[in-house]
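Just so you know, all these numbers are worked out from the coordinates, no wet-lab data involved. What you see is a predicted model, and the numbers here were worked out from it, not measured in a lab. For neighbour counting, all protein chains shown are included, and Cβ atoms are generated from backbone atoms with ideal geometry for every residue, glycine included.
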Amino acid sequence: MNSKEQNAFLKSWYDDTMQSCFPGADDLIRRGTGFSNPVGQAFQQAMRIILADLLTTRDLESLRPSLDRIVRILAVQGLPAGTSVRFLFILRNRLESASDIPAEEKKLWIQRLDALAEIAVEIWCECRETLFQLQINGLRKRIQFLEAGSTPKEEGGIA
Amino acid sequence: MAKVPKPAELLKNVSYEKVPDTRWMDTPVDFRPGTWLYPGKAESLETLGLPNPRKWSPEDADWKLPPNWKEIILEGMRERLDRYRSFRVFMDTCVRCGACADKCHFYLGSGDPKNMPVLRAELLRSVYRRYFTKAGQMFGKFAGARDLTEDVIKEWFYYFHQCTECRRCSVFCPYGIDTAEITMIGRELLNLIGCNVDWIVTPVANCYMKGNHLGIQPHGLVDSMDFLVENIQDITGLKIEPTFNRKGAEILYVPPSGDIFADPGTFALMGQLMLFHETGIDYTLSTYASEGGNFGSFASMELTKRLNAKIYAEARRLGVKWILGGECGHMWRVIHQYMDTMNGPADFLETPVSPVTGTRFEHAASTKMIHVTEFTADLIHEGKIKLDPARNDGVKVTFHDSCNPSRAMGLLEEPRYILKHVCKDFYEMPDETIRENTFCCGGGSGLGADENMEMRMRGGLPRANAVRHVHEKFGVNMLSCVCAIDRATLPPLMQYWVPAVSVCGVHELVGNALIMKGENKRTQNLRFEPLPGSLEAENE
């Protein structure tokens with residue numbers, strides 16, 4: 001895929017992903033740049049890296065940071081795991097239906113995307129675990145505080 | 001002459017395929033888990049004398065509203081339109097230019113169109129038009145008006161508690177509409193029918209009855225302070241003796257209670273206590289007004305006034321000359337924008353004058369209260385304290401402008417001035433994310449609960465994204481701030497988005513760097529971690 005084709009792929013991949021994950025907000029979110037649009041910034045940067053490196057990299061794990069940037073955002077959008085990794089399958093479908101990519105290359109793309117999807121699910125699970133852990137930490141703090149407030153000073157509390 | 005695009009050029013980018021299936025008015029709210037807040041406990045409402053205490057949940061179909069709820073809301077709106085000219089102006093003025101649309105951190109982090117400030121305000125405006133304007137009464141939806149229904153109340157509850165009242169949108173509004181005040185009125189109206197949030201109303205009840213949001217009684221407060229004093233003694237060898245309720249002290253010091261009980265706020269408070277000891281100022285704390293913050297401001301003006309009044313009542317009772325506020329955020333919006341008309345003028349107090357430098361803080365001539373960073377920046381400027389920034393070596397710090405001190409009181413330079421004197425490595429985040437343009441922590445204005453953690457992570461994304469940038473570019477590992485809510489909400493935010501970055505108060509770094517008369521050679525910072533260059537650090 002040459003750079004022109006890659007850019008066209010990137011644009012349609014990004015548009016479809018935004019439409020899928022942020023319905024009703026896609027145009028506005030796309031409009032902003034940089035720090036005033038962290039979602040768009042993260043998706044565009046990460047997708048560009050994934051698309052550019054997917055075929056050339058020897059170690060798919062090197063794409064984990066880019067995947068992480070996208071999945072970490074999607075993991076806090078109240079979306080199920082499937083929807084949170086759908087962006088990879090959007091790309092997969094586009095590649096499958098592309099008529100100008102040689103069959104061998106297409107096969108390689110798809111194999112690698114499937115492997116990438118496994119990593120994306122792992123990341124999603126880690127994000128959700130972190131999120132619940134943060135909630136538990138907050139609850140623990142509250143309980144510790146309540147316990148200290150109802151325990152006499154002689155017993156180590158502050159009551 | 002400027003080239004103006006032709007209609008056809010503009011329209012070619014409009015896709016009618018992407019128009020939502022239903023209009024926003026006809027799209028009822030979906031209470032998604034991780035997004036909404038638990039309702040106020042009945043006993044807290046009873047403590048405060050608020051209407052309609054009951055057990056309910058936003059997920060229930062029946063919210064157990066009072067039978068005449070509609071009448072109450074409309075009468076409440078009428079009263080507020082008469083009382084606050086600003087409210088009427090904000091209801092009438094918006095031209096829906098969209099300048100605010102992509103400025104809200106919740107919109108940027110979630111993409112939910114109803115989190116655009118313009119649309120969030122429209123939730124209330126549509127009802128205003130229907131019942132208070134001729135056009136709305138005559139033309140209904142064509143004039144942007146809609147009937148007040150229970151679904152509208154549910155929508156208000158959901159979205160007015162997804163606004164942190166940070167006022168970033170108001171910075172960009174060409175008309176100066178303060179959308180935070182629209183949210184505040186929206187929440188006030190909800191309070192009239194008993195639709196409030198526990199994370200707000202219970203701290204308010206605690207503060208009303210016991211003097212602080214956490215509900216700690218006076219002896220518990222003193223014990224907690226003793227614990228911090230012991231820690232300071234362990235680190236410096238110096239015994240600090242803060243006093244409580246001491247009549248005749250020159251200054252009443254009011255920190256946010258979160259800093260007395262929870263890390264990392266405790267470290268910031270220790271730094272302040274060390275500074276006061278070193279400069280020998282004559283101050284006291286109050287156990288009656290042991291809370292600088294004001295969660296009342298997240299519910300209604302009436303509750304704001306009640307909590308704020310305690311500070312001034314205590315200043316009068318103790319006979320102090322002026323008030324020194326701690327590293328707090330929303331305390332300062334109340335002090336600078338509402339206090340004087342609510343509980344002022346505080347003419348029984350004096351314009352604050354630093355007893356160390358003699359600087360007269362004229363800007364506080366009305367409120368008689370200054371922020372501790374103003375006090376400390378003045379001490380540094382006048383060369384009254386000795387600092388060793390090397391003790392903070394290894395700390396690469398950036399500064400998060402807390403929404404209220406920055407946008408409500410213009411406190412932009414003082415914290416930076418301090419940081420540059422106590423640390424060698426200070427880095428700013430990108431311009432569009434700091435100072436007046438600062439992004440909220442995502443948990444202010446009563447949204448810092450645990451049940452809405454997903455929403456907090458969405459709302460905090462723009463801030464975290466800027467922190468991530470300076471972390472990757474400069475190796476920043478510390479996010480400093482001057483707000484107790486930030487110190488509670490930013491740590492989980494960082495743990496999720498940028499785990500290598502910790503959070504601290506500005507005065508924690510002051511406490512580390514402060515050279516105190518008679519102190520032992522310091523080997524640990526205020527977190528009991530080895531100081532750079534110490535034997536312990538070398539052993540590690």
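What the table shows:
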{"quantity": "DSSP-assigned coil residues among trypsin sites (Lys or Arg not before Pro) in the range B:196-264, each with at most 11 further Cβ atoms within 10 Å", "calculated": "B:Lys239, B:Lys247"}
{"quantity": "Gain on full stretching of the segment that runs from B:Lys134 to B:Trp24 - 0.36 nm per residue minus C-alpha separation", "calculated": "37.4 nm"}
{"quantity": "Extension gain (nm, one decimal) between A:Ile143 and A:Ser20, 0.36 nm per residue minus Cα-Cα", "calculated": "40.3 nm"}
{"quantity": "Ranked B:Ile515, B:Ile216, criterion: other C-beta atoms within 10 Å, fewest first", "calculated": "B:Ile515, B:Ile216"}
{"quantity": "Efficiency of FRET from Cβ geometry, B:Phe172 and B:Arg32, R₀ 22 Å, rounded to 0.05", "calculated": "0.20"}
{"quantity": "The range B:144-214-the range B:346-377 distance, computed between alpha-carbon centres (Å)", "calculated": "32 Å"}
{"quantity": "For B:Glu529, B:Glu241, B:Glu278, order by how many other beta-carbon atoms lie within 10 Å, fewest first", "calculated": "B:Glu241, B:Glu529, B:Glu278"}
{"quantity": "Highest average packing first - A:116-122, B:406-412, A:105-111, Cβ atoms within 10 Å", "calculated": "B:406-412, A:116-122, A:105-111"}
{"quantity": "DSSP bridge pairs, the protein assembly as shown: antiparallel proportion in percent, nearest 5", "calculated": "15 percent"}
{"quantity": "Cα-projected label distance for A:Glu104 with A:Leu55, points at 7 Å along beta-carbon direction, nm", "calculated": "1.2 nm"}
{"quantity": "Computed label-point distance, nm, for sites B:Met342 and B:Thr523 using a 7 Å Cα→Cβ extension", "calculated": "4.8 nm"}
{"quantity": "GluC sites (Glu not before Pro) restricted to DSSP loop in the range B:22-108 with at most 11 other C-beta within 10 Å", "calculated": "B:Glu59"}
{"quantity": "nm² value of the averaged projected area, convex hull over the Cα atoms of the protein assembly as shown", "calculated": "34.9 nm²"}
{"quantity": "Of B:Lys114/B:Lys134; A:Lys141/B:Lys321; B:Lys70/B:Lys305; B:Lys41/B:Lys141; B:Lys103/B:Lys420, those spanning more than 31 Å from alpha-carbon to alpha-carbon", "calculated": "A:Lys141/B:Lys321; B:Lys41/B:Lys141"}
{"quantity": "Lysines whose Cα lies under 17 Å from that of B:Lys521, excluding same-chain neighbours fewer than 8 positions away", "calculated": "B:Lys239, B:Lys386"}
{"quantity": "On Cα atoms only, tilt of A:38-53 relative to the major axis of chain A in degrees", "calculated": "50 degrees"}
{"quantity": "Residue among A:Gln44, A:Gln144, A:Gln133 with the largest mean-square fluctuation in a Gaussian network model of chain A, springs linking Cα atoms under 10 Å", "calculated": "A:Gln144"}
{"quantity": "Whichever lysines have a C-alpha closer than 22 Å to that of A:Lys106, once near sequence neighbours (fewer than 8 apart) are set aside", "calculated": "A:Lys4, A:Lys11"}
{"quantity": "Computed E for A:Asn93/B:Gln233 - FRET, C-beta separation, R0 60 angstrom, nearest 0.05", "calculated": "0.35"}
{"quantity": "Pairwise label distance in nanometres, B:Arg88 with B:Ala309, each label 7 Å out on the Cα-Cβ vector", "calculated": "2.7 nm"}
{"quantity": "Ratio Rg/Rh [Cα only; Rh per Kirkwood] for the range B:116-194", "calculated": "0.98"}
{"quantity": "Other protein chain Cβ atoms within 10 Å, averaged over every residue that makes up B:128-140", "calculated": "0"}
{"quantity": "Efficiency of FRET from Cβ geometry, B:Thr149 and B:Arg54, R₀ 22 Å, rounded to 0.05", "calculated": "0.65"}
{"quantity": "Kyte-Doolittle mean at least -0.5, axial Cα span of 18 Å or more - DSSP H helices of chain B", "calculated": "B:117-132, B:179-192, B:218-236, B:265-279, B:484-497"}
{"quantity": "Residue-averaged 222 nm ellipticity for the protein assembly as shown, from DSSP H runs of 4+ at -39500 (n - 2.57), nearest 500", "calculated": "-16000 deg cm²/dmol"}
{"quantity": "Principal-axis tilt of helix A:64-74 within chain A, Cα atoms, nearest 10 degrees", "calculated": "70 degrees"}
{"quantity": "Burial ordering of A:Asp114, B:Asp30, B:Asp259, A:Asp16, fewest other beta-carbon atoms within 10 Å first", "calculated": "B:Asp30, A:Asp114, A:Asp16, B:Asp259"}
